[in-house]
Amino acid sequence: MFRTWRIGRILGIPTELHWSFLLVPAAILVYAYQPGLGLRWTQVQWWTGITLLLFLFVLVHELGHALTARARGVRAEKIILFPLGGGALIPEEPERTFDQVLIYAAGPLANILLALVALPLLLWQPNGAYLLQFYLNPFGNLIVLPSLTEQLLGITLAVNAILALGNLLPAYPLDGGRILRALLKKPLGERSATVITTLLGMLIGGGLVGVSFYLGDPLLGLSALFIVSFSAIELNRGWQRRRLARASITEMLRPPLNERIYAADRVYRARAIFAGTDAKVLPVYDNWNQLSGFVEREVLMREADREHPVEFYYEAEFITATAAESLLVLTERIVDADVYGAAIYSRGEVVGFILTEDVILHLDRSRRRFYKRFTNRAAS
Ligand SMILES: [Zn+2]
């Protein structure tokens, strides 16, 4: 799903192409083929040209973000280009609100700049005023037949205007939504700023889904659905972060079992220990009683040969922490490391474990409590 190819560094920013770009030539060929007539080459050329132009405009937009980030002292990791858009990966935000706004605004500004270059050149053409009217109003009729230069200028103007204005809508995850969130963070706090901009994202995205039906535009519909789902995911992530920030490690600590699974144990012995607990994952020790990893119940029950040693089936990767760490930070570390869980140490001894499944369970429980409270209130 996330497979990309590096196409090189552009102005020093690593740039990658998403695999779905392979669909573009395929789509053009399908579109340009007409039974009986064969492949209409003028259509192939035209749509290839349009695609390359779009690609260029999106690239300029993302370079706007990435180069501004670099100029404001934060790393721009890479640019990824999709057939219908792109993304500049900027892992860390700069501290000052002004710098954040500048970085998010730089993408749409780059498109406005391109449009402002095309505008006087288009007006300068013999039928400039007519052409301008046509390209800014997609429902208008064109009386004159534009030349290739005029078409290029018109498309550059119209597409960049749409890219700039569309991205400036105050809806998460669009640039406009991110600018609004950066501006609201100081006065309202990060949590409220996220709630407001993601709700706006779901509202505006939902509205755009309706507009796309009205216009019969499937590409707009698809983009609108992206906006709605990204907003919903971000809203939920914010809620989960708050839950985890409030919970403590000790309240979720799984104490070590009296009976330990050793890496050299046979699978059937480990299965017997699993039978006495509800845990999906248990720690595995080496012969010197040092923690050496975790083994999953499912793996042992399904895939393992009962006479094999457990060491064939366990994961040797885990992270360690102390009980003083916040559950939010610890969970982020567990997710980043992509491991089953963490061993919690106190004075050089393992006092228990925090497992991913327990964190998920905790979030589920708080969600159920939350809904229960909400429905009780709604009923009364
Ligand atoms: Zn952008």
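Ordering Ile273, Val359, Phe294 by the projection of their Cα atoms onto the charge dipole of segment 250-364, which places +1 on the Cβ of Lys and Arg and -1 on the Cβ of Asp and Glu, puts Ile273 at the extreme positive end.
Spatially, segment 170-208 and segment 39-66 are offset by 30 Å when compared through their Cα centroids. May I ask you to work out the translational diffusion coefficient for segment 250-364 at 37 °C, viscosity 0.692 mPa s, via Stokes-Einstein with Rh from the Kirkwood sum over Cα pairs, reported in whole µm²/s? D = 228 µm²/s.
For segment 1-168, a simple Cβ point-charge model (Lys and Arg +1, Asp and Glu -1, everything else neutral) yields a dipole of about 300 debye relative to the Cα centre.
Summarising the amide proton neighbourhood of Ile261: residues at separation of 5 or more, or on other chains, whose placed amide H is nearer than 5 Å comprise Tyr285.
Among beta bridges identified by DSSP and lying wholly in segment 250-364, the antiparallel ones come to about 70 percent.
If ligands, DNA and RNA are left out, what is the accessible area of Tyr135 with a 1.4 Å probe, given in Å² to the nearest 10? Estimated to the nearest 10 Å², Tyr135 gives 40 Å². With the convex hull of the Cα atoms taken as the outline of the chain, the averaged projected area works out to 28.8 nm².
Between the amide H of Ile10 and those of Thr15, distances stay under 5 Å, these residues lying 5 or more places away or on another chain, with hydrogens modeled in the peptide plane.
Stretch Arg306-Val44 to full length: gain in nm at 0.36 nm per residue minus the Cα-Cα span?
The span from Arg306 to Val44 would gain 88.2 nm if fully extended.
Using only Cα atoms, locate the centre of segment 228-285 and the centre of segment 11-38, then give the distance between them in Å, rounded to an integer. Between the Cα centres of segment 228-285 and segment 11-38 lies a distance of 45 Å. With the contact rule set at Cα under 8 Å and sequence spacing of 6 or more, what percent relative contact order holds for the chain? Result for the chain is 9 percent. In a DSSP loop and with at most 14 other Cβ atoms within 10 Å, the GluC sites (Glu not before Pro) in segment 275-380 are Glu307, Glu317. The residue list Val101, Gly73, Phe21 was ranked by how far each Cα lies along the charge dipole of segment 1-168 toward its positive end, using unit charges on Cβ atoms, and Phe21 comes out on top. Computed about its Cα centre, the charge dipole of the chain is approximately 1060 debye, with only Lys, Arg, Asp and Glu carrying charge at their Cβ. Accessible surface comparison of Tyr268, Tyr130, Tyr172, probe 1.4 Å, protein chains only, largest first: the order is Tyr130, Tyr268, Tyr172. Taking 7 Å steps out from each Cα toward its Cβ at Arg191 and Arg75 produces label points 3.1 nm apart. Residues of segment 318-359 falling in the label zone of Val299, defined by backbone nitrogen less than 19 Å from a point 7 Å along Cα to beta-carbon, are 318-320, 334-344, 353-359. Each residue of segment 212-226 was assigned a 3J(HN,Hα) from its phi angle through the Karplus expression (A = 6.51, B = -1.76, C = 1.60, θ = phi - 60°), giving 5, 5, 4, 7, x, 10, x, 5, 5, x, 5, 4, 5, 5, 4 Hz with x at Gly and Pro. By the rule of a C-alpha distance below 22 Å, with chain neighbours fewer than 8 residues away ignored, no lysines are paired with Lys280.
The values are calculated or read from the model by the stated rules, or taken from the named source; none is laboratory data. These figures come from a predicted structure and were not determined experimentally. In this analysis, Cβ positions are derived from the backbone assuming ideal geometry, glycine residues included, and neighbour counts consider all displayed protein chains. These accessible areas exclude ligands, DNA and RNA; they are computed on the full protein's heavy atoms, side chains included. Shrake-Rupley method; radii C 1.70, N 1.55, O 1.52, S 1.80 Å.
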